[in-house]
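Worksheet for the structure shown next.
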2 protein chains.
Amino acid sequence: MARRSQTETAVLGALSMHPMTAYALREAIRDVLGHFWSESFGQIYPTLGALEQQGHVERREGPRSGSSTFAITDSGTARLRELLSEPIAATPPRSGLLLRLFFGRTLGVRKCRELLLEARADAERSLAEYDRLARTISAEEAGSPDLPYVLTTISAGRHNAEAAIAWADEALALLEDVPGDDPPADGPPANGDS
Amino acid sequence: MARRSQTETAVLGALSMHPMTAYALREAIRDVLGHFWSESFGQIYPTLGALEQQGHVERREGPRSGSSTFAITDSGTARLRELLSEPIAATPPRSGLLLRLFFGRTLGVRKCRELLLEARADAERSLAEYDRLARTISAEEAGSPDLPYVLTTISAGRHNAEAAIAWADEALALLEDVPGDDPPADGPPANGDS
DNA sequence: TCCATCATGTAATCCGTTACATGATTAG
DNA sequence: CTAATCATGTAACGGATTACATGATGGA
């Protein structure tokens, strides 16, 4: 069971929408699934090769000489359905931001505030991006059977971004009354080098 | 630079609160940082060893024969400050749930609804847990300089859980009018086995 | 002609999980 | 005495990123 983990799922899924070259696949995963998924370059080719050997995808003439277009086969669609039905493998959480805030006493309040403001700004930007995306896709893909599903994933991004903004504000308030003793420079005190 | 990635940060951070054995460290990371961080077992011992060699932690007599308690040293605290100040390494997103919903046409509406209901229930449970946690810690650690920082991380969990609930409801509404053609069983149609 | 983009792949390496292997202490 | 918990480590494996290596095509 060469369960290439969930890479297989992402690749088959992307190809289930329309056939494309490995290169285009990579861009589709980055640009279309990018908000909630990522695949590294070096995974895509080997996975495609394995899927081809298993008969789940078919290699055809590509747009350039030496290039190939991959299309999902019936067995590939069945395999995808199977993979999507598997229980979700829980990704262990790893938030560098929360790790820093948790040890904020050591980091210093000032830097914590900076991190929070940055996070807030990032979230604000994502929020705008999700709104734009939702409008674009709703128009472009109007009537597509995929549309409602795609919209649920965009909605997830929107809600997360909104939550991040509200959280950042609350967290900034929580740190409001913390004494500004913070810049505990890494050497002895009263040393303004950095 | 054997940058044991961010494991080093988590280990030094945990030891910055109080000295403990490697075993206790593991439990602290699981139970205390667990909402936003995880370290696998096999990372902790080697990392502690490396930190000891660099003089960032000190090994002392442990509570049992053959066991050791580790304490952070001054250089360790400086190192922690350094690590915490580094730019946050963005973790590539990987949401198995959103991956499944995105390809929901293939998975089938029914299973998508089930996934959403599950996710909603999970979030509801976390929410209660975060509330309980916030109350417990506020009482237990009242007056601790770490308290406000810890509360910001709990607040993050709360907001995320709330967002997940609101999102699940919205997503369920989005899938409301999708025709229930869904169970595209992996064989021929008109087969009510499951 | 030359650069950006399209295109395909391999290899080295790192990070992290899991399984394995062992033993001391304490509570029931 | 015996099971649960505390305690420490190593080894094997698998998954993922990154760097390396190469080349075609088309537009400026």
Open item on the list: Placing the label point 7 Å from Cα along the Cα-to-Cβ direction, what are the distances from residue B:146 to the equivalent spots in the other copies, shortest first, in nm to one decimal?
Closed with: 4.8
Task: Cα→Cβ-extended label distance, 7 Å offset, between residue B:61 and residue A:136, nm - done: 6.6
- [ ] Using only Cα atoms, tell me the angle between helix A:41-53 and the longest principal axis of chain A; keep it within 0 to 90° and round to the nearest 10.
- [x] 30
Open item on the list: Please compute the modelled spin-label separation between residue A:118 and residue A:177, points set 7 Å along Cα→Cβ, answer in nm with one decimal.
Closed with: 2.9
TODO: Among the trypsin sites (Lys or Arg not before Pro) in the range B:33-75, which ones are in a DSSP loop with at most 11 other Cβ atoms within 10 Å of the Cβ? Mind listing them?
DONE: B:64
- [ ] Return the calculated 222 nm mean residue ellipticity for the protein assembly as shown, to the nearest 500 deg cm²/dmol, obtained by summing -39500 (n - 2.57) across DSSP H runs with n ≥ 4 and dividing by the residue count.
- [x] -19500 deg cm²/dmol
Task: Inter-centroid distance (Cα atoms) of the range B:149-177 relative to the range B:42-85, Å - done: 37
TODO: Sum up the charges of everything whose Cβ sits under 13 Å from the Cβ of residue A:151, counting Lys and Arg as +1 and Asp and Glu as -1, but leave residue A:151 out.
DONE: -4
- [ ] Determine the dipole magnitude for the protein assembly as shown: charges of +1 sit on the beta-carbon of Lys and Arg, -1 on that of Asp and Glu, nothing else is charged, the reference point is the Cα centre, and the result goes in debye to the nearest 20.
- [x] 960
TODO: Round to the nearest 10 and give me the degree value, 0 to 90, for the angle of helix B:109-140's Cα axis relative to the longest principal axis of chain B.
DONE: 30
Open item on the list: Need one word for the protein assembly as shown: rounded, prolate or oblate. Basis is the Cα gyration tensor (sqrt eigenvalues a ≥ b ≥ c); a/c below 1.5 gives rounded, then a/b vs b/c decides.
Closed with: prolate
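Bear in mind that the values in this text are calculations on the coordinates, not laboratory data. Remember, predicted model here, so these are calculated numbers, not experimental data. Cβ atoms come from the backbone with ideal geometry, glycine included; neighbour counts cover every protein chain shown.
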